Amino acid sequence: MEVPLDKIRFTIPLPLGIKESVVYRRVSTSINAIGLVEPIVVALDRDQVGAFIILDGRMRVEALRDLGVLQAMCLISTDDEGYTYNKRVNRLSVVQAHRMIVRAAERGVSVQQLADALDVSPGAIRARFRLLDGICNEAVSLLADKPATYGMFRLLKQMKPFRQIDVAQTMVNLGNYSVKLATAMLQSTPNDQLSDATATKTKSSDVTEALQRLERELASMQADTCLLEEGYGPSSLQLEIIKTHIGATLLNNAAIVRWLAKSQPEYLQQLQRIADIRELPTS
């Protein structure tokens, strides 16, 4: 429903300096060019009759106010909990954005209109048209819904199709789509798996075998580091829960301690060691 913007209040103020950010400028430019696409999510204010609190879309509301808009289309939630809205947001991947731009152009939207709506230069729009040129379909399918970057696709184009699939699958397994990882894997790619232009350029450069081996080891180390970083947090939390349960429940039960001491003394010793852990190493 249409809601007056002066009836919507923020429970959490916008961060300082947000209006100078690129994200805010893009939101404002898009609204000015094509209007509000995604409705604001609000809930009834329990403390003030006829007012609403905002659950999702603070920057959109602020941009609308700056543009002089008096009211906006909103979704009215029956609950004032904003966690579920932010949790379920689906971000457009790079591949999905490319397909959206291509489809818009096919339906008659000009490059200049797309540039105005997305707050980028016409040259950037044309570059996005060519995003998947030279990328095999299998690699595109693997990365279609992943948070890959434009720079990563530029690096993939320097490899042959089978290597593109291998790199894309590795990134999916690691959950890492950074340009740094793509660069490391490109540098560790044998010449016979590089595109013709890239292989020619590589041959003309003075790259020693020792440097290539170092780059391969760096890529492997980065992959191992990502796996460790991904699992460290959940494992630490799980260990803390287990430690608390052992110390506060099992070892405080005299009957359990007596049984362990009599039947499984080695288990009792290990449980006591776990319960005595006070601090996990940070490095």
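The values are calculated or read from the model by the stated rules, or taken from the named source; none is laboratory data. Keep in mind it's a predicted model, so treat the numbers as computed, not measured. Cβ placement follows ideal geometry from the backbone for every residue including glycine, while neighbour counts extend to all protein chains displayed. The accessibility values were calculated without ligands, DNA or RNA, using every heavy atom of the protein model including side chains. Shrake-Rupley method; radii C 1.70, N 1.55, O 1.52, S 1.80 Å.
Worth pointing out:
- Region 76-98 - residue that is surrounded by 11 or more Cβ atoms within 10 Å (Cβ to Cβ) and closer than 30 Å to residue 159 by Cβ and, of those, modelled with the lowest pLDDT: 92
- Which numbered condition residue 126 fails, given (1) closer than 30 Å to residue 230 by Cβ; (2) free of Cβ contacts under 8 Å to residues at least 24 places away in the same chain: (1)
- Single match in 80, 119 (criterion: of a type in the set (Asp, Glu) and over 22 Å from the mean Cα position of the chain (by Cα)): 80
- Every residue from region 151-177 that is hydroxyl-bearing (Ser, Thr, Tyr) and open to solvent by 30 Å² or more (accessible area, probe 1.4 Å): 170
- When 146, 180 are screened for being surrounded by fewer than 15 Cβ atoms within 10 Å (Cβ to Cβ) and either part of a helix (DSSP H, G or I) or not aromatic (Phe, Trp, Tyr) (or both), only 180 passes.
- Selection from region 28-66 of residues that are among the aliphatic types (A, V, I, L, M), open to solvent by 70 Å² or more (accessible area, probe 1.4 Å), touching a residue at least 12 places away in the same chain (Cβ under 8 Å) and closer than 26 Å to residue 119 by Cα: 34
- Only one of the numbered conditions (1) open to solvent by 50 Å² or more (accessible area, probe 1.4 Å); (2) touching a Lys or Arg at 6+ places or on another chain (Cβ under 7 Å) is violated by residue 101, and that is (1).
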